[in-house]
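One structure is given below, encoded as structure tokens.
The values are calculated or read from the model by the stated rules, or taken from the named source; none is laboratory data. A quick note: this is a predicted structure, and the numbers were derived from the prediction, not measured. Ideal geometry is used to build each Cβ from the backbone, glycine not excepted, and the neighbour counts take in all protein chains shown.
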């Protein structure tokens, strides 16, 4: 084990000791109860199984067969979740074949950020994570299940399902992915078309053709954003059937992997290995997820989500932990936006299995952890296949399938994971530099201050942005407006950088896995609406973003800075005016949410 990884793990264990002990005590008490159909009153049991076929009632009540709860994020608005429509019947059939029973315990909401980008609905996006966690809890609160299967793939859905599952930590759980869509128009060509449209060089019709060629079928989007980062992390945590992440939804292998999730779950129940999710997800597993994220240049959203996930398991992590791991963990993968490959090409080059093998062999991952597969984390370094109608796993060839996409740990793309923590008088922020050109790692320029994404876009459209500048887009944090992703800023900022201007973005909002070649200090905490330093910045202030030194500073005289009052939240963003498309329903979350570094949690 690498010393830096061991050191970060040890301090997380020490920091979390009392909280983790209390969590484990709670789930142990729940696990020691009689099973639901024996413990509950007869009317409760009758209600729970009223709609089951008679043979299933006999199995679960009289024969005490294992009973599985299914939580599904199915809807066909999300291309990644459309394949889940047929999963309940498939999983129920496999459960019967294994002598178990299964019920859909509940559905959870799942919104598509691609649809809501730059729209009012995006203000609900981050809060949908905790809503999903609560919906998961509602489904499992019927309390008659011996284990649970979780169906979800995309941005907030997997973290929400995982947080909800960890609040039922006495149950074994397995996550069931659905896979990426086939490759369409390349991510680079799509990005270039967006830049051309931003410059007025092509029209809406041409842009629509390009976007439709990029997003064209069932499965996750093919860039390595939050959705596909989710799948990488679940593999590293051992919560999938090994190798399930990036198999196409309609490959014959997908059904075999989905059926295997039932067998894996049954083996984790008390009559088997007795491995509930609350014990599986320990400090070492959380660190493994962090390492896998950094080694693949994954989504910055997980610096928020995995803090919340860890918290749900009684574990406390922070951005310093991420930064220290990033300094020690090599970058082994180049997948768009920090490379040219899409996730299908990443999979063809060896995918998660090759990355995890490199990290394990080089001592960057904890091998002594529990997983959904009885063979442990090493099983996740192999790739699945169908042979003679049976699911098998094979070792990958020693050499990378494409060294331009995945490299060995001793010949990485970069010695560090490409994530930096920035600190200074503007607060604490993170920056993903894996795709940022080396000559743009330090930007010193005057501030241009905007109180919304739309204000910056309007200024660009009016031709008001030129020269070197650092755009400060504030009042975009969790308590201000739900911390929307600011993807719409990428094309204009990229165009300006392409013209030779030194530009950067500083915001208390999010950029997600789509943050790319323009330096962006994001998630600035404390946020402006909480009186954070971004509220003090004025147009023309000289700012310095230094990803080499790890600093984020307003180069303003200290006395002037200290005396300056913070700008107030714009009236149109106040809770009194947050109406339309259901935003008013989330006012309580905005009032109670923690800061980004604390996971933007709305629960205790």
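Look at the stretch 341-352 and say how many of its residues are within 19 Å of the chain's Cα centre (by Cα) and buried (at least 23 other Cβ atoms within 10 Å of the Cβ).
Final tally of qualifying residues: 6.
Out of 26, 15, 20, 11, which single residue is over 17 Å from residue 316 (Cα atoms) and in a helix (DSSP H, G or I)?
26 is the lone residue from the list that is over 17 Å from residue 316 (Cα atoms) and in a helix (DSSP H, G or I).
Table: residues versus (1) outside the structural domain of residue 111 (by TED's automatic domain parsing); (2) over 20 Å from residue 91 (Cβ atoms); (3) touching a residue at least 24 places away in the same chain (Cβ under 8 Å); (4) touching a strand residue (DSSP E or B) at 6+ places or on another chain (Cβ under 7 Å).
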position	(1), (2), (3), (4)
21	no, yes, yes, no
25	no, yes, no, no
28	no, yes, yes, no
39	yes, yes, no, no
44	yes, yes, no, no
76	no, no, no, no
* Structure fact -> Residues in the stretch 369-414 that are farther than 15 Å from residue 239 by Cα and outside any strand (DSSP E or B) total 19
* Which listed residue is surrounded by fewer than 24 Cβ atoms within 10 Å (Cβ to Cβ) and either outside the structural domain of residue 235 (by TED's automatic domain parsing) or in contact with a helix residue (DSSP H, G or I) (Cβ under 9 Å, 6 or more places away or on another chain) (or both), from 312, 292, 323 -> 312
* Can you tell me which of 368, 395, 439, 361 is at pLDDT below 95, out of contact with any helix residue (DSSP H, G or I) (no Cβ under 6 Å at 6 or more places or on another chain) and farther than 24 Å from residue 485 by Cβ? -> 439
* Is it the case that residue 492 is more than 24 Å from residue 584 (Cα to Cα) and in contact with a helix residue (DSSP H, G or I) (Cβ under 8 Å, 6 or more places away or on another chain)? -> yes
* Quick one: in the stretch 189-248, of everything that is free of Cβ contacts under 8 Å to residues at least 24 places away in the same chain and part of a loop (DSSP other than H, G, I, E, B), which residue is surrounded by the most Cβ atoms within 10 Å (Cβ to Cβ)? => 202
* Considering every residue within the stretch 466-480, establish whether at least one is within 28 Å of the chain's Cα centre (by Cα) and either on the phi > 0 side of the Ramachandran plot or surrounded by fewer than 20 Cβ atoms within 10 Å (Cβ to Cβ) (or both). => yes
* Asked: Is it fair to say residue 544 is buried (at least 18 other Cβ atoms within 10 Å of the Cβ), in contact (Cβ under 8 Å) with a residue 40 or more places away in the chain, in contact with a strand residue (DSSP E or B) (Cβ under 7 Å, 6 or more places away or on another chain) and farther than 19 Å from residue 475 by Cβ?
  -> yes
* Residues of the stretch 425-436 being more than 25 Å from the chain's Cα centre (by Cα) and surrounded by fewer than 20 Cβ atoms within 10 Å (Cβ to Cβ), which ones? -> 425
